[in-house]
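Structure first, commentary second.
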Amino acid sequence: MTADERHDQSAGAAAGQVPIRTTASLLINVSTLLQEPIGSLRRFEIDGARGAGLQSAVSGRLRLLRTDQSLLATAALTTSVTDLCGSCLNELVLELDVDFDEEFWPPADAITGMALEPPPERSGFSVVDGQIDLSEAVRQYVEMSRPMSPRCAEDCPGLEIEEPSEERADPRWAALATLNLTTEGD
């Protein structure tokens, strides 16, 4: 980054604009954000990030907001998954939009070092070694965004079923066909 670019970024931040950082990872270092005052903000453009449990790359926007005890991650992401058509059982690729707001809780206050315990009524993910890993949050929201019965097309004809024919009988059973078996009533 040139000196002019750094000046433009700092001037934008001073004017109330938060610079957008580009990353190709779902592992984000938040150690400095945890030391900043409540309301501090970071914006990221995620481009082609891969993570554990994800079938394909993830792209989109991420906003991290410092709260009183945690970080609030607000994401608007896109990814794709491979699935089977619920009608014809052919493989298809689904493009998914994944939006979420999740809290990430640090184990201790970054300034005082005092242990922090998330309130019992709150849930979220952990900050580990000054980093947040969005992979699990993204994976969970991808699974919730998948349709229960995806279709390859609105007019999918479904499975092609052949009409049964007499010729399809197993020849090993031919000897039983010669027997004249009748069932008697009660």
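The values are calculated or read from the model by the stated rules, or taken from the named source; none is laboratory data. Small disclaimer: the values here were computed from a predicted structure and weren't measured. Cβ sites come from the backbone with ideal geometry, for glycine too, and all protein chains shown count toward neighbours.
Descriptive notes on the structure:
- Pairs, first polar (S, T, N, Q) in segment 35-52, second in a strand (DSSP E or B), C-beta under 7 Å, six or more apart: SER40/ARG66
- Test result for CYS156, surrounded by fewer than 18 Cβ atoms within 10 Å (Cβ to Cβ) and in contact (Cβ under 8 Å) with a residue 60 or more places away in the chain: yes
- Of the listed requirements (1) of a type in the set (A, V, I, L, M, F, W, C); (2) surrounded by fewer than 17 Cβ atoms within 10 Å (Cβ to Cβ); (3) within 23 Å of the chain's Cα centre (by Cα), ILE38 misses just one: (3).
- Residues of segment 47-73 that are part of a strand (DSSP E or B) and farther than 19 Å from GLY130 by Cβ: ASP47, GLY48, ARG50, VAL58, SER59, GLY60, ARG61.
- Residues being in a helix (DSSP H, G or I) and touching a strand residue (DSSP E or B) at 6+ places or on another chain (Cβ under 9 Å) - total across segment 117-142: 7
- Checking ARG21, ARG63 one by one, the residue that is charged (D, E, K, R), in contact with a strand residue (DSSP E or B) (Cβ under 7 Å, 6 or more places away or on another chain) and at pLDDT 90 or above is ARG63 and no other.
- Only listed residue being over 20 Å from THR74 (Cβ atoms), at pLDDT 85 or above and either out of contact with any His (no Cβ under 7 Å at 6 or more places or on another chain) or exposed (fewer than 10 other Cβ atoms within 10 Å of the Cβ) (or both), chosen from PRO120, PRO147, PRO164: PRO147
- Close pairs from segment 97-125: first under 29 Å from PRO147 (Cα atoms), partner of a type in the set (Asp, Glu) and at pLDDT 75 or above, Cβ under 7 Å, at least 6 apart: ARG122/GLU103; GLY124/GLU102; GLY124/GLU103; PHE125/GLU102; PHE125/GLU136
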